Amino acid sequence: MGNRDRLQDVLGTRLPIIQAPMAGVQGSALAIAVANTGGLGSLPCAMLTIEDMRSELAAIRAATRGPINVNFFCHVQPEPDARRETEWRALLAPYYEEFGIDSASIAGGAARRPFSDEAADVLEEFRPEVVSFHFGLPSDRLMARVKATAAKIVGCATTVEEARWLEQRGVDGIVAQGFEAGGHRGMFLSDDVTMQAGTLALVPQIVSEVKVPVIAAGGIADAAGVKAALALGAVAAQVGTAYLLCPETKTSPVHRTALKSDAARHTALTNLFSGRPARGIVNRVMRELGAMNKSAPAFPLASTALAPLRKKAESLGDGGFSPLWCGQNATGCAEIAAGELTRMLAG
Ligand SMILES: Cc1cc2nc3c(=O)[nH]c(=O)nc-3n(C[C@H](O)[C@H](O)[C@H](O)COP(=O)(O)O)c2cc1C
């Protein structure tokens, strides 16, 4: 099978472009715009309630006939660790004082949810053509439920070992996420970031190791980048950062400002905002606490204590406490319609 047929087989799209699912910054509007242009639109569900998931999918099905990718995290929810939480809040105490926040009033509850039976119910209702997972895969039982909907299942690998693991568990396609990528690293077999390779190095190694189609992600921001990914053997490119300024996103004003500034040239992996390494524009809290800090609670609990600081700072137009997710190549970011960007990426 040629690469074009493999693309059709796994993604069902005309163009070799996946709009990366980006939890927290986009919903149905971006996915619809990309799907209506011939790329694969994605709906990220990690931060949606089950009701929101239903209404977003209903909106998508009403507005496009194109195939759609629905994306989930599949982390294991950790037990809260009181000692670490206390240590973490002590580190943040000077900031609470600076912004006049009463630390005793901070409510618990992490906003990022793993894939569940309730989410599988929604998939059975809407039958998206593609379902993708970040941080490994759900249990065999939940995987069987997704497979039974006839969806193509795509997993994300950041190493050759993870790609092998995903293929052995029956995925239909693999996103090879290079080190350049914005947002959370999908790493799940090891938490050693020194094992993470760049897109140019990772994609051909995974392509030669697995039989299923590979999708390249990380640092791809224009048609030349997409072409390069295809030349390395990928069937498609998954692009995130370049879409962040499109009018169909919900990217916050502070995030937009940072993406449009020279600050976007300096990104780093940080665990401060969620507990897991993710790439974002270096800002005040990353500089002052160190981008990777051992006191940050386990994923996704770290976000709770930072939430009020983020809210307060953002209300003052300050992005110093916000996750400004961004890959190492923000040059593709433009305030243009997502459909137009998709066509430009496809060349
Ligand atoms: C703002 C943002 C949010 C993201 N959220 C998700 C997500 O919810 N699920 C997921 O699988 N990947 C997520 N990612 C990672 C993307 O799927 C993809 O790997 C990455 O955007 C590719 O690199 P690029 O940003 O350089 O294009 C996110 C990336 C960004 C920039």
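Listing for the model above:
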{"quantity": "In segment 100-115, residue farthest from PRO323 (Cα to Cα) [restricted to those that are buried (at least 16 other Cβ atoms within 10 Å of the Cβ) and of a type outside the set (Val, Ile, Thr)]", "calculated": "PHE115"}
{"quantity": "Subset tally (residues that are within 11 Å of the ligand (Cβ to nearest atom), small (Gly, Ala, Ser) and surrounded by fewer than 23 Cβ atoms within 10 Å (Cβ to Cβ)) for segment 318-334", "calculated": "1"}
{"quantity": "Members of segment 276-303 found to be touching a Leu at 6+ places or on another chain (Cβ under 8 Å), in a loop (DSSP other than H, G, I, E, B) and either under 15 Å from GLN328 (Cβ atoms) or within 15 Å of the ligand (Cβ to nearest atom) (or both), listed by number", "calculated": "PRO277, ASN283, ALA291"}
{"quantity": "Verdict on ARG265 being out of contact with any Lys or Arg (no Cβ under 8 Å at 6 or more places or on another chain), surrounded by fewer than 20 Cβ atoms within 10 Å (Cβ to Cβ) and closer than 18 Å to GLY178 by Cβ", "calculated": "yes"}
{"quantity": "Residue match in segment 242-253 (condition: of a type in the set (Val, Ile, Thr) and assigned to a helix (DSSP H, G or I))", "calculated": "no"}
{"quantity": "Enumeration of residues in segment 240-250 that are within 12 Å of the ligand (Cβ to nearest atom) and either surrounded by fewer than 24 Cβ atoms within 10 Å (Cβ to Cβ) or over 24 Å from THR37 (Cα atoms) (or both)", "calculated": "LEU245, THR249, LYS250"}
{"quantity": "Test for ARG65: is it basic (Lys, Arg), away from the ligand (no atom under 16 Å from the Cβ) and assigned to a helix (DSSP H, G or I)", "calculated": "no"}
{"quantity": "Criterion: in contact with a Cys (Cβ under 9 Å, 6 or more places away or on another chain), of a type in the set (Val, Ile, Thr), at pLDDT 95 or above and outside any loop (DSSP other than H, G, I, E, B) - qualifying residue of VAL131, VAL146, VAL70", "calculated": "VAL70"}
{"quantity": "Index of the failed condition, ALA231 passing every other in (1) under 21 Å from PHE133 (Cβ atoms); (2) more than 17 Å from the chain's Cα centre (by Cα)", "calculated": "(1)"}
{"quantity": "Residue list for segment 174-204, filter: crowded, with 22+ Cβ neighbours inside 10 Å and either assigned to a helix (DSSP H, G or I) or more than 13 Å from the ligand (Cβ to nearest atom) (or both)", "calculated": "THR199, LEU202, VAL203"}
{"quantity": "Pick from segment 206-224, criterion under 17 Å from LEU40 (Cα atoms) and of a type in the set (A, V, I, L, M), ranking: nearest to the ligand (Cβ to nearest atom)", "calculated": "ALA217"}
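The values are calculated or read from the model by the stated rules, or taken from the named source; none is laboratory data. What you see is a predicted model; the values in this text were computed from it and never measured. We place every Cβ from the backbone using ideal geometry, glycine too, and count neighbours over all the protein chains shown.
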